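Structure record follows, encoded as structure tokens.
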Amino acid sequence: MKATQRLIDSVWTVEYKKVSEGKVKILNYSRNDPEGYEREKELPQCKLVEAEERIVTHLWLKPYNAFDGWINEKNATETYEVVNPKFIFSYEQSKENKI
């Protein structure tokens with residue numbers, strides 16, 4: 001499953017897998033995923049919630065809305081705990097190494 005977050009002129013795409021009720025495993029997080037740019041309006045919008053030292057703890061999702069790109073705890077329609085927390089930029093994988 002994928003979701004996107006637009007930051008200025010980049011579209012960051014998170015690829016994740018639901019592992020149980022309320023929990024996800026992040027597989028990839030990149031601004032170089034062509035599918036994120038091509039399908040941005042079809043995919044949910046996301047925010048990776050970070051704790052100290054930019055360790056990702058949660059994933060918030062909501063349906064795409066071009067006029068409301070900000071996601072917070074109050075407007076997120078889905079909230080997941082991340083089962084593989086790590087530094088936010090450590091999730092990017094090359095296509096050859098993708099799970």
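Using a probe of 1.4 Å, the accessible surface attributed to Asp9 totals some 120 Å² when neighbouring protein chains are kept in position. Neighbours of Glu42, meaning other residues whose beta-carbon lies under 11 angstrom from its beta-carbon, give a summed charge of 0 when Lys and Arg score +1 and Asp and Glu score -1. Taken per residue, the accessible surface of the chain reaches 64 Å², heavy atoms only and a 1.4 Å probe. Each of Asn75, Leu48, Val19 was scored by the projection of its Cα onto the charge dipole of the chain, and the greatest displacement toward the positive side belongs to Val19; charges sit on the C-beta of Lys, Arg, Asp and Glu.
Computed in the context of the full set of protein chains, the accessible area of the chain at 1.4 Å probe radius has 50% of its extent on carbon or sulfur. Taking a straight Cα-Cα cut-off under 24 Å and skipping sequence neighbours fewer than 8 places away in the same chain, the lysines within cross-link reach of Lys62 are Lys2, Lys17, Lys18, Lys23, Lys25, Lys41, Lys47, Lys74, Lys86.
Dividing the helix sum by the residues of the chain, where each DSSP H run of 4 or more adds -39500 (n - 2.57), gives a mean residue ellipticity at 222 nm of -1000 deg cm²/dmol. Residues whose amide H comes within less than 5 Å of that of Tyr64, counting only those at least five positions distant or on another chain, are Gln45 (H built at 1.01 Å from N in the peptide plane). For the chain, a simple Cβ point-charge model (Lys and Arg +1, Asp and Glu -1, everything else neutral) yields a dipole of about 180 debye relative to the Cα centre. Annotation: amide H of Val49 within the under-5 Å range of Thr57, His58, Leu59, Trp60, sequence separation 5 or more or interchain, hydrogens built in the peptide plane.
The values are calculated or read from the model by the stated rules, or taken from the named source; none is laboratory data. In this text the structure is predicted, and so the values were computed from the model without any measurement. We place every Cβ from the backbone using ideal geometry, glycine too, and count neighbours over all the protein chains shown. Each accessible area value is taken on the protein alone, full model and side chains, heavy atoms only, with ligands, DNA and RNA left out. Shrake-Rupley method; radii C 1.70, N 1.55, O 1.52, S 1.80 Å.
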